Amino acid sequence: MRRRVWLTLGAVVLGGGGVTYAVASPSADPGATGRAKRPVKVYALALKGAAADRQDLARTDTSQFSMLGVSWTGATTRLHGTAQVRTRSTATGEWSAWRDLELNVDPLEKPGRRVRGASEPLWVGSSNGVQVQVVRKNGTTTALPKGLEVNLVDPGVVTDAEAKAPGSEPAAFVAEGSPDATSSSTPADPVSPSDGTTVTPTDGQTATSPAPAPTDTTTSTATPTDSDSASASASATASPSPTRPTAPPSTVPEPPIVDRAGWGADESISPQAPEYNADVKAVFVHHTDGANDYSCADSPSIVRSIYAYHVQVEGWKDIGYNFLVDKCGTLFEGRKGGVDLPVLGAHTYGWNREAAGIAVLGDYTTTSASNAALASIARLAAWKLGQYGADPAGTTQLTAGATQKNYFSTSFTAGSAYTFQRISGHRDGYNTQCPGNSLYPQLPTIRAWAAGPVQGLKVTSLGGATASGSTYYTKGAITAHWKATTPGSLIKSFQLLVDGKTVATTSGTATSVGATLPLGSHTIAVRAVHQSGKTATSSALNVVAETTAPTFTTTPQLSLRAGTVNTSAVPVTLGWKATDDKALQSVKLLSPTTATFNPTTTSSSRTAKSGTATTWSMRAYDYAGNYRTSSPAYTPVILQESSAAKTGTWTSRSSTSYLGGKSYSSASKGADLSWTFTGRSAAWVVSRASSSGQAYVYVDGTKVATVDLKSATTLYRQAIWTKSWSSSAKHTIKIVVVGTSGRPTVTTDGLVYIK
């Protein structure tokens, strides 16, 4: 459904002091009662200068306006030179820099006697002062046109939203009778065509005669066939008809379009009936020129201003474009007659008979159009062309309505057929830079979006699943996430495919959808259905759904390791082995501290507090998210040397550097200490120095090692020898002094075991 604002405007012409206002006022719409509205106003200020090469308007205070342009007498006359303007902002009071007006405007093929030559209108925002200079082109002898004036458009306030907007109140008006003011061109009367339309006169006037088309000289003898007129001469294509045709259905949905009432069109200033072409073979893309920093809330005002400029300044029968779109992507109905009908417009000289025109608000010479605007153009073009079975990405034959050259110097002869893209730029048909050097390269994107299939479709992630290499693993529930470069407004739906079959369908604006997979191996893909019906499918992902948890083939075990021993930090090694039937992802230590290990790691150096039973909880995860936890508990125990059975001579030493503050020392060969305990790992703790000797280590009566305690630096509480078993059992460790020559002393600081 198109948004509608039920507002109509009536025409009143106010003349005073040389400034002519064409005023559009709210009608008797009952909803308008009590609204604070301001009518649309168009007025003109004459340029001064006797010379044929320059005319100016000094800085002049004016009433509030937001759009302006320069016009002159004679629709067939060209202005060879430059027209520049400066304006004063009502918000800041500052004057802008000089800005050029676009003068290379498409002419009407059969302009009426009241049609004026004019620049493109320029949106400048709310202003209350203007300065103008028009200079003849260097090297030319052609005089500036007669009747030069600057035309100012105040879009007024016609909706409740605009009435509440800041700056909606008018600024001070130029004083009546100001010497800088002059009468504007008389607005078209309601029964006499203002753009060359031949009608049956109702006021005793005769119908207008066809006028020659403009060229690079002041006049031309060319006889064009495409015009904003009901009396265009015959061409190779059928002439437009005033009879309202039946709207054909389209192959794609109609996009939302703000109708003329919605943007506040004053229908009284363009009373002539619309004319219709036979069909729409192509869509020409334009830009309107002017600032790009407008607020999209101002878009209705901009459209209203362009309408007033085309009709009340240039003398056209209606706004020239069939449609307009702002940078936020809002589409507006342009020329009246029905958005779903092939209305004859006045947008692309020589090619209006078989095409529709859409203009983007703003200047896209150096700035690219927004994706929102491109998407709306694509939707509109697809819909209009879809009414006539045309592929937006294809080409068509258009019959020239005028003999001319386009921007690329391609020559066209009136009555001959030429190949055009279904979606073309203004410059493809006429010698203009429009739609701008930045928007024109975006036309292929518009064509691709309009025609389909969906571009750039890719699954970006799979929620509920984790990838290992090129395969994803899940317990079953997944959420597929995707992206596409084609805007969602052009996409009918997305489908989630599992093993090539649709298991879920969602809207064209969605970016994810979920599903639950049965156990086993699958392929996952996303299919996008374009509004045209064309489909695109992403690359498939391999996904395995499984619920089998990993296993610990070796339960987490704690064993003593070499290092410095403290009662609060006994050096230990945590060891384990885990496996999974599909793919092990990681093993995590959950307590007494936390750590995460890769699937190939099977041990980690840690410390443990002595005398305290500590749970070492570990959890093994697979890529599907299944897991298994193992939580054994271990207690490191410190046995002091005084608790050992001893033979030979041992001397007790005291120091805070020893475990428990004491140690045993012996230089007596054969002296021994032995500890008996029940555990799964043991470590002999000693003090070391450069004079330390050697000792034999016996385990359960068997000599297993000779340990040298010598060290370049003095060290205390060193676990120098360790032994671990697969399970806890009773063991006896005996230390025997070797009596090493020159350094026989052995100092023992106890034994640590894990139970």
Under the Karplus relation with 6.51, -1.76 and 1.60 and θ = phi - 60°, whole-Hz ³J(HN,Hα) for region 403-417, x at Gly and Pro, equal 8, 6, 10, 8, 4, 8, 6, 6, 8, 10, 10, 3, x, 9, 9
For the chain, longest principal axis from Cα atoms; helix 299-308 axis from its Cα atoms; angle between them, nearest 10 degrees, is 20
Any residue on another chain or 5+ positions along whose placed amide H is under 5 Å from the amide H of Leu457 is listed here as Thr485
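Just the number, please: carbon plus sulfur as a percent of the accessible area of region 480-599, 1.4 Å probe, no ligands or DNA/RNA counted. Could you put the intermediate results ahead of the total?
Working: 2550 of 5250 Å².
Carbon and sulfur: 49 percent of the exposed surface of region 480-599.
Carbon and sulfur together cover what percent of the accessible area of region 619-707 at a 1.4 Å probe radius? Write out the running numbers ahead of the final one.
On the way: 1610 of 3750 Å².
Carbon-and-sulfur percentage of accessible area, whole number: 43.
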Probe 1.4 Å, all chains present, heavy atoms only: Ser655 accessible area in Å², nearest 10, is 40
Long-range amide H partners of Thr395, meaning residues 5 or more apart or on another chain whose placed amide H is closer than 5 Å, are Arg422
Row for region 302-443, column shape: gyration tensor on C-alpha, a ≥ b ≥ c, rounded if a/c < 1.5 i.e. under 1.5, prolate if a/b over b/c, else oblate; value rounded
Taking Cα atoms only, helix 371-386 is inclined relative to the longest principal axis of the chain by an angle, in degrees rounded to 10, of 60
A student asked for the Cα radius of gyration and Dmax of region 634-740 in angstrom ought to give 13.4, 37
Placing each pseudo-label 7 Å from Cα in the direction of the beta carbon, Cys328 and Asn542 end up separated by a distance in nanometres of 5.0
Largest-first ranking of Cys296, Cys328 by accessible area, probe 1.4 Å, whole protein assembly kept, is Cys328, Cys296
Spelling it out for Gly129: with amide H atoms placed in the peptide plane at 1.01 Å from N, the residues 5 or more places away or on another chain with amide H under 5 Å from its amide H are Thr62, Arg88
As a percent rounded to 5, the proportion of antiparallel DSSP bridges among beta bridges in region 266-396 is 35
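Please give the peptides 243-250, 497-504, 122-129 ranked by average Cβ packing (other Cβ atoms within 10 Å per residue), highest first, as a rough proxy for protection.
Ranking the peptides 243-250, 497-504, 122-129 by packing returns 122-129, 497-504, 243-250.
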Scanning the chain, every Cys lacking a C-beta partner under 4.7 angstrom -> Cys434
Ranking Arg427, Arg422 from most to least accessible area with a 1.4 Å probe gives Arg422, Arg427
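Counting DSSP beta bridges in the chain, what percent are antiparallel, to the nearest 5? Write out the running numbers ahead of the final one.
On the way: 173 of 192 bridges.
Given both bridge residues lie in the chain, the antiparallel proportion sits at roughly 90 percent.
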Residue by residue through region 351-362, the couplings from Karplus 6.51 cos²θ - 1.76 cosθ + 1.60 with θ = phi - 60°, in Hz, x for Gly and Pro, are 9, 6, 5, 10, 9, 10, x, 10, 10, 8, 5, x
Rounded to the nearest Å, the spacing of the alpha-carbon centers of region 272-310 and region 451-467 is 37
Read-out Rg/Rh (Cα atoms, Kirkwood Rh), candidates [x] 1.35; [y] 0.97; [z] 1.04; calculated match is [x]
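Which value results for Rg/Rh of region 440-541 when Rg is the Cα radius of gyration and Rh the Kirkwood radius based on the inverse mean 1/r? Numbers along the way, then the final one.
Working: Rg = 14.4 Å, Rh = 14.1 Å.
Using only Cα positions, Rg/Rh for region 440-541 is 1.03.
Top to bottom by accessible area (1.4 Å), largest first, where do Lys703, Lys588 land? Working shown, then result.
Numbers: Lys703 100, Lys588 75 Å².
Largest accessible area first, the list is Lys703, Lys588.
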Given the candidates Gly362, Ala273, Tyr309, the one whose Cα lies deepest towards the positive end of the charge dipole of the chain, counting +1 at each Lys or Arg C-beta and -1 at each Asp or Glu C-beta, is Gly362
Per the helix-only model, the chain has a calculated mean residue ellipticity at 222 nm (DSSP H runs of ≥4, -39500 (n - 2.57) each, divided over all residues, rounded to the nearest 500) of -1500 deg cm²/dmol
Sequence order, region 693-708: Karplus ³J(HN,Hα) from phi using 6.51 cos²θ - 1.76 cosθ + 1.60, θ = phi - 60°, Hz rounded, Gly and Pro as x, gives x, 10, 8, 8, 10, 10, 10, 6, x, 10, 5, 10, 6, 10, 10, 9
Over the chain, with neighbouring protein chains present, the accessible area per residue in Å² at probe 1.4 Å is 40
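The values are calculated or read from the model by the stated rules, or taken from the named source; none is laboratory data. This structure is a prediction, so every number in the text was calculated from the model and none was measured. Every residue, glycine among them, receives a Cβ derived from its backbone with ideal geometry; neighbour counts consider all protein chains shown. What goes into the accessible areas is simple: the full protein's heavy atoms, side chains included, and nothing from ligands, DNA or RNA. Shrake-Rupley method; radii C 1.70, N 1.55, O 1.52, S 1.80 Å.
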